[in-house]
1. Report the semi-axes of the equivalent ellipsoid for segment 126-191 in whole Å, largest first, where each axis is √(5λ) for an eigenvalue λ of the Cα gyration tensor.
2. Could you give the length gained on full extension between residue 382 and residue 312, defined as 0.36 nm per residue of separation minus the Cα-Cα distance, in nm?
3. Along the Cα→Cβ direction, 7 angstrom out, place labels at residue 102 and residue 289. What is the inter-label distance in nm?
4. From the gyration tensor of the Cα coordinates in segment 215-344, what semi-axes in whole Å does the equivalent ellipsoid have, largest first, with each one equal to sqrt(5λ)?
5. Sorting 34, 84 on the 10 Å Cβ count, fewest up front, what's the list?
6. Could you tell me the distance between the Cα centroids of segment 137-206 and segment 57-99, to the nearest Å?
7. Given a Förster distance of 60 Å, report the FRET efficiency between residue 119 and residue 375 from their Cβ-Cβ distance, rounded to the nearest 0.05.
8. Please report the relative contact order for segment 126-191, taking Cα pairs under 8 Å with a sequence separation of at least 6, and give it as a percent rounded to a whole number.
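Just so it is clear, none of the values below were taken in a lab; they were calculated from the coordinates. Only a predicted model underlies this, so the values are computations on that prediction, with no experimental measurement involved. Neighbour counts are summed over all protein chains in view; Cβ atoms, including those assigned to glycine, are modelled from backbone coordinates with ideal geometry.
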Amino acid sequence: MKMNMKNLSKCASLAALLVTFVALTQSMQAEEGMWTFDNFPSKTVAAKYGFTPSQSWLDHVRAASLRIASGCSASFISPQGLVMTNHHCVVDCVDQLSTPKQNLVESGFIAKAVAEERKCPAFELDQLVEIRDVTGEVQSATAGKTGDDANNALRAKRAQLQQSCGSDPSVRCDLVSLYHGGIYDLYRYKRYTDVRLVFAPEFGVAQFGGDPDNFNFPRFDFDIGLVRAYEGGKPAGSPDYLHWSANGSKDGELLFVSGNPGGTSRQLTIAQLAFERDTAFPFGLPETAEYRGQLEQFVTRGPEQAREANEQLFFVENDFKSDFGRQGALLDPKFFAGKQQEEQHLRAAVAADPKLAADVSAWDDIAQIQQTRAQLFTRRESLRQLSFLVRLVRLRDHARACLD
């Protein structure tokens with residue numbers, strides 16, 4: 001459920017989203033589309049699949065879905081606040097509850113009674129309760145402004161809107177930008193900060209087959225974590241929850257997935273994709289690979305080193321695999337030519353529409369920005385690496401001084 005948050009597309013920062021899947025023959029294929037709960041194409045789904053998601057059904061799924069502050073998806077699965085998510089979304093809590101004598105990450109944890117559930121030191125569950133369109137307010141605040149003035153105005157408006165929810169610690173508001181600023185929504189959440197660990201399997205069982213080419217054997221792992229939301233020191237009431245299916249899904253059934261997503265980068269222009277291919281990935285991939293190698297060596301030094309670094313190694317492996325695959329796709333001439341053709345068709349369609357023709361230059365403007373972006377990126381990365389080297393030298397000198 002945890003997703004790579006780099007290069008978010010039109011669904012950036014979206015906190016609740018539905019993706020439709022439909023089973024075709026003996027395989028399952030994803031239908032195109034990501035939709036927010038307040039803009040779900042119910043009529044299209046009804047016409048194509050014979051199911052009409054009512055507003056009450058959408059509200060129920062939204063209320064049953066949760067966001068973990070770390071960026072993971074989760075959901076209520078009982079009326080007493082029980083929450084299910086992925087193992088890697090609770091492993092920090094498991095690690096924090098461990099002791100030198102009891103490594104719960106390695107051995108796993110299960111509360112046999114509610115009284116045995118342990119509070120996670122730093123954990124937050126967010127339940128989306130309201131979506132309010134504030135596009136007009138944001139656009140009015142930034143109207144006629146450019147550069148720093150526009151950015152400062154947007155930051156000020158963001159702070160004002162997010163603070164409009166008041167000081168109640170059980171309420172959180174986020175300003176969400178969709179479609180690259182085409183729409184701004186204010187998402188109001190109910191916050192649960194008293195969250196207690198209920199169950200987490202052993203790390204080796206939860207991540208079986210997951211390193212380094214995850215996942216080799218996903219059907220054999222147990223990638224799950226259970227926590228419970230509390231209010232007033234008691235399990236929180238959760239009337240909206242996802243019920244267990246005794247028999248599971250079947251071939252041909254229409255399925256919906258609700259979650260806290262990243263993005264697909266499908267709306268990036270050719271110039272933006274070229275920037276990633278020629279600048280971002282050539283800088284980032286070698287650095288990630290080197291860090292992965294350092295972690296691989298570190299975990300071999302002993303049980304404590306392995307405990308400290310195994311989780312980080314897992315995430316670094318994921319990042320490297322994701323970026324390596326994306327770079328490979330962008331370096332594929334056939335794939336890139338297809339993306340170029342798609343953009344040409346879109347630009348032609350925009351140019352042919354009198355209402356949109358004035359926006360054709362946007363592609364050229366973005367392309368020009370990428371040139372400046374590449375220069376700034378290279379300079380920033382060089383300065384960052386230099387700063388890192390300076391810190392290493394200072395640490396070395398400090399260590400030598402201590403030894404002397």
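1. Details: eigenvalues 107, 33, 14 Å².
Sorted largest first and rounded, they come to 23, 13, 8 Å.
2. On the way: separation 70, 0.36 × 70 = 25.20 nm, distance 2.45 nm.
Length gained between residue 382 and residue 312: 22.7 nm.
3. It works out to 4.4 nm between the two label points.
4. Values: eigenvalues 247, 156, 50 Å².
Whole-Å semi-axes of the equivalent ellipsoid: 35, 28, 16.
5. Details: 34 16, 84 23.
Fewest to most other Cβ atoms nearby, the residues stand as 34, 84.
6. One Cα centre to the other: 19 Å.
7. Numbers: r = 49 Å, r/R0 = 0.81.
With a Förster radius of 60 Å, E is 0.80.
8. Values: 92 pairs, mean separation 30.8, N = 66.
Normalised by residue count, the contact order of segment 126-191 is 47 percent.
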